[in-house]
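Taken together, the values in this text are just the output of simple stated rules run on the coordinates, not laboratory data. Just so it is clear, the structure is predicted and the values come from calculations on it, not from any experiment. Cβ placement follows ideal geometry from the backbone for every residue including glycine, while neighbour counts extend to all protein chains displayed.
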Amino acid sequence: MTDTLPRASSAAGPTDRPTPSLPARAAGAFADLDLLGVAELLPAAERARLGVLHDLLQAQVRRPSVGYWNREEFAADLLPVLAGAGLGGLQLEPVSALFRGLVHAEVARADLSLSTVVGVHNELVVGLIAALGSPEQRRELLPRLATMELLGAFALTEPEHGSDVAGGLATTARREGAHWVLDGAKRWIGLATVADFAVVWARDVADGQVGAFLVETGRPGFRAELIRNKIGLRIMPNADVTLDGVRVPERNRLPGAVGFAAVNTVLRHSRAWVGWQAVGLQLAALDVARAYALDRQQFGRPLAAFQLVQHSLARMAGNAASSLGLMVQVARLQDAGSLEMGHAALVKATCTAHARETVALGRGLLGGNGMTTDYEMAKLFGDAEAMYTYEGTQEVNQLIVGRALTGVSAFA
Ligand SMILES: Cc1cc2nc3c(=O)[nH]c(=O)nc-3n(C[C@H](O)[C@H](O)[C@H](O)COP(=O)(O)OP(=O)(O)OC[C@H]3O[C@@H](n4cnc5c(N)ncnc54)[C@H](O)[C@@H]3O)c2cc1C
């Protein structure tokens, strides 16, 4: 793998001052892409593909994403890079969970918002339709989703029901002949303003069962309003969605999505995917902090020469490596078909907590320059907050772990 870590000069600031005497990559045991040599577990072809992807994302996504983030603008121009790298159909490829996870980490290392686009697309839209859709839905949608010609949104959370959405979901579906009529509201829905359709979760008024419907965003009664002024994930357009008597044909219902257990078969894996995002975000923070510590001089020496600065770097690396180690085992469970919700909640809660501490250490290490996205760390700092909350908050995932450990539900 070439140029594993960004050059100190490119990550250290907007001026891109040359620093020829400084090491451009970590040495010895940490010279690898991922601190622990995890990529070595992949077959040679996948390892090579991961290396190519790393270089592509670092060259074409990482730097440009900062401008989109500052402007709070969806980076539509960068989607062809992701699609061209085959990321639209990642979920459909017969690859190991470890390869898929490391790919998600590399996308997050370049930009968390675009990683969320790729993750939601694969885990919550493509994966959902592949697992729970009808043969016609799979035949019509999956090829066009794989090329990212089509984009979907995943609409579960509601303004009045976030953590308690499993029991509280209030959006309704009413059968009228060959159609369903949907009424309700959704909040925080990623991509809803730009997607071609949304997977909307609604409760059948006849039997109270939760189901999922493919709702084209152009249908009368569907409205998506952008949520502005976010402190993180600023490239991902999240929206408030209203469904006002939206009519969809029966063929738009996902036949396999019956009851909340169906949602959980999907959330189990998407929750684990957030753990990979946390790995990527922490590797990005370490890239930036390490380069900055080598470049920035105080008291006549680079910051890297101070013990307390090395303490921060070592702690960041320890957090990132711990997260990575957990995710390697999760990938093994996924491949064995034995990942449970308790596992997914454990790694989501743990890896995002590690990430929150890692970016805080990194932000501190950059001093005042940690306050501006010109040095990238402030962007990582804000993005970690979003990741800490979506796919179940810290507390909710801990409650899932607690229930799995004790058999006692402490949600309410
Ligand atoms: C950036 C972003 C992107 C998102 N993208 C999507 C998306 O694409 N699709 C989608 O459907 N949803 C999405 N979400 C929604 C996300 O899943 C919810 O925000 C999350 O589940 C929390 O719900 P809430 O915001 O309503 O918080 P609340 O449920 O109101 O929680 C508020 C606080 O109370 C705590 N709390 C709640 N219940 C308990 C309890 N029993 N015990 C202890 N503490 C508790 C929570 O942990 C939290 O700290 C996104 C959210 C964000 C922020």
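In debye, nearest 20, what is the charge dipole magnitude of the stretch 152-258 about its Cα centre with +1 on Lys and Arg Cβ and -1 on Asp and Glu Cβ, if you could check?
280
What's the angle, to the nearest 10 degrees (0 to 90), between helix 377-389's Cα axis and the longest principal axis of the chain?
Roughly 30 degrees, rounded to the nearest 10.
With a 10 Å Cβ neighbour count serving as the proxy for reagent exposure, in which order, fewest first, do Ser96, Ser163 appear?
Ser163, Ser96
Using DSSP to call loops (not H, G, I, E or B), can you name the GluC sites (Glu not before Pro) in the stretch 38-93 whose Cβ has at most 13 other Cβ atoms within 10 angstrom?
Those satisfying the criteria are Glu73.
Can you tell me the dipole magnitude for the chain around its Cα centre, using point charges on the Cβ only (Lys, Arg +1; Asp, Glu -1), in Debye to the nearest 20?
Roughly 500 debye for the chain.
Compute the length gained on full extension between His179 and Met371: take 0.36 nm times their separation in residues and subtract their Cα-Cα distance, giving the result in nm to one decimal.
That pair, His179 and Met371, stretches by 63.9 nm at full extension.
Please find, in a Gaussian network model of the chain (springs between Cα atoms separated by less than 10 Å), the residue of Val309, Val347, Val258 whose mean-square fluctuation is greatest.
Top of the fluctuation ranking is Val258.
Which length gain, in nm to one decimal place, applies between His311 and Asn70 when the Cα-Cα distance is subtracted from 0.36 nm times their residue separation?
83.7 nm
Arranged by the count of other C-beta atoms within 10 angstrom, fewest first, what order do Glu106, Glu123, Glu140 take?
Glu140, Glu123, Glu106
Around Val210, what is the net charge, scoring Lys/Arg as +1 and Asp/Glu as -1 over all other residues with Cβ under 9 Å from its Cβ?
Cβ neighbours under 9 Å give a net charge of 0.
Trypsin sites (Lys or Arg not before Pro) within the stretch 158-247: which are DSSP loop residues with at most 13 other Cβ atoms inside 10 Å?
Passing sites in the stretch 158-247 are Arg228.
Using only Cα atoms, find the angle between the long axis of helix 44-57 and the longest principal axis of the chain, and express it within 0 to 90 degrees, rounded to the nearest 10.
Taking Cα atoms only, the helix is inclined about 80 degrees.
Using a 7 Å offset from the Cα along the Cα-to-Cβ direction at both Gln329 and Val258, what is the distance between the two label points in nm, to one decimal?
3.6
Choose one of Ala262, Gly208, Tyr390: the residue whose Cα lies farthest towards the positive end of the charge dipole of the chain (beta-carbon charges +1 Lys, Arg; -1 Asp, Glu; about the Cα centre).
Positive-most Cα among the choices belongs to Tyr390.
To make sure I understand, if each residue's beta carbon is the centre and we count other beta carbons within 10 Å, what order do Ser338, Ser312 fall in, fewest to most?
Starting with the residue having the fewest Cβ neighbours, the order is Ser338, Ser312.
For the chain, what is the relative contact order in percent, using Cα pairs closer than 8 Å and at least 6 residues apart in sequence?
Computed value for the chain: 18 percent relative contact order.
Run lengths n ≥ 4 of DSSP H only: what is the helix-derived mean residue ellipticity at 222 nm for the chain, with -39500 (n - 2.57) per run over all residues, to the nearest 500?
After summing the helix terms and dividing by residue count, I get -15000 deg cm²/dmol.
Compare Ala105, Ala130, Ala44 in a GNM of the chain, Cα atoms joined below 10 Å, and give the one with the largest fluctuation.
Sorting by GNM fluctuation, first place goes to Ala44.
What is the helix-to-structure angle for 307-336, meaning the angle in degrees between its Cα long axis and the longest Cα principal axis of the chain, kept from 0 to 90 and rounded to the nearest 10?
The two axes meet at around 40 degrees.
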